Amino acid sequence: MIEPTHPRLSIVRQCDLLGLARASYYHRPEPESDENLRLMRVIDETYLAYPVFGSRQMTRWLRRQGYPVNRKRIRRLMLQMGLEAIYQKPNTSRKHPQNPVYRYLLRRLRVERPNQVWAADITYLPIQGGFIYLCAVIDWHSRAVLAWELSNTLDAGFCARAAARAIAEHGLPEIFNTDQGCQFTSAEFTQPLLARGIKISMDGRGRALDNVFIERLWRTVKYDEVYLKSYRSQIEAHTNLDAFFRFYNERRPHSAFGDAEPLTPMEVYRRDPAFALSA
């Protein structure tokens, strides 16, 4: 973890070495009560199992489990966690006047090679005494996690850093798909992509199937890593997730590729003859 009184390394240098934004270190969000933190953990686990639950249905479900909650409280916590129900409906969401929303480009598209389509998303992670957010960039063809970042705020910066790292290390995708969250519609995120000629695709708001592969990744991360441990800090979460994503990419065969030749995501990403760095 960060040592403010380290004799040789400044806070800035320690943040750089850990891949932690200085803003994340200095920012101290208003803490939630222990009761609300426990409730958020239950909401997160329930949402993974039933992502169609909005605040109304989540409230009903929690009451049946013995939690004396009201919808206003659950709606606030779900908003804090970045959760909304996913279901099939016409896109009637209001667009931010300064942040354009791009049309969804993946419908009926055959994704057949690495770097054809990347996707990014954000999820909530519990830590002792609070919570943080994880943004990951994946390659749709191989399911490889190309880059990821942690933050204790839902700002656009850590999403933009994850995208920049993925491009620096793996080249340029043809299409970059996200949801319509303000982090991804912001100029900080979209302008570097557009400047490189990358097509931007955005899910229809609330559509369950538009970013299905990254939703499956969140289940894997949480059930195979996060819920088995209790991170004491963002630094500890970073260390453990770094080891997990290395295992996920390099050593864990992915079920999507079948049993005849069990392959890891990075084996699929690197073996395809169409793969080539284009940065």
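A short reminder: the numbers here are calculations on the coordinates, not readings from a lab. Note that this is a predicted model, so its numbers are computed, not measured. Backbone-built Cβ (ideal geometry, glycine too); neighbour counts: all protein chains shown.
Is region 117-271 best put as rounded, prolate or oblate by its Cα gyration tensor, with a ≥ b ≥ c the root eigenvalues, rounded for a/c under 1.5, and otherwise prolate when a/b is larger than b/c, oblate when not?
Details: a/c = 1.59, a/b = 1.05, b/c = 1.51.
Since a/c reaches 1.5 but b/c is at least a/b, the shape of region 117-271 is classed as oblate.
Neighbour counts of other Cβ atoms within 10 Å put Thr46, Thr239 in the fewest-to-most order Thr239, Thr46.
Packing around the peptides 36-44, 116-124, taken as the average count of other Cβ atoms within 10 Å per residue, puts them in this order, highest first: 116-124, 36-44.
Ranking Glu267, Glu261, Glu174 by Cβ neighbours within 10 Å, fewest first, what do you get? Spell out each step's value before the answer.
On the way: Glu267 19, Glu261 8, Glu174 15.
Least crowded to most crowded, the residues run Glu261, Glu174, Glu267.
Near Gln191, once Lys and Arg are set to +1 and Asp and Glu to -1 for all other residues with Cβ below 15 Å from its Cβ, the sum equals +2. In sequence order, region 107-119 has phi-based couplings of 5, 6, 7, 7, 9, 10, 8, x, 6, 7, 9, 10, 9 Hz under the Karplus curve 6.51 cos²θ - 1.76 cosθ + 1.60, θ = phi - 60°, and Gly or Pro positions carry x. Please report Arg110, Arg76 as a ranked list, fewest other C-beta atoms within 10 angstrom at the top and most at the bottom. Arranged by neighbour count, lowest to highest, Arg110, Arg76 become Arg110, Arg76. Neighbours of Thr239, meaning other residues whose beta-carbon lies under 13 angstrom from its beta-carbon, give a summed charge of 0 when Lys and Arg score +1 and Asp and Glu score -1.
Which net charge results when you count Lys and Arg as +1 and Asp and Glu as -1 among the other residues whose beta-carbon is under 12 Å from that of Met81? Walk me through the numbers on the way to the answer.
Working: positive: Arg41, Arg75, Arg76; negative: Glu32, Asp44, Glu45, Glu84.
Neighbour charge sum, excluding Met81 itself: -1.
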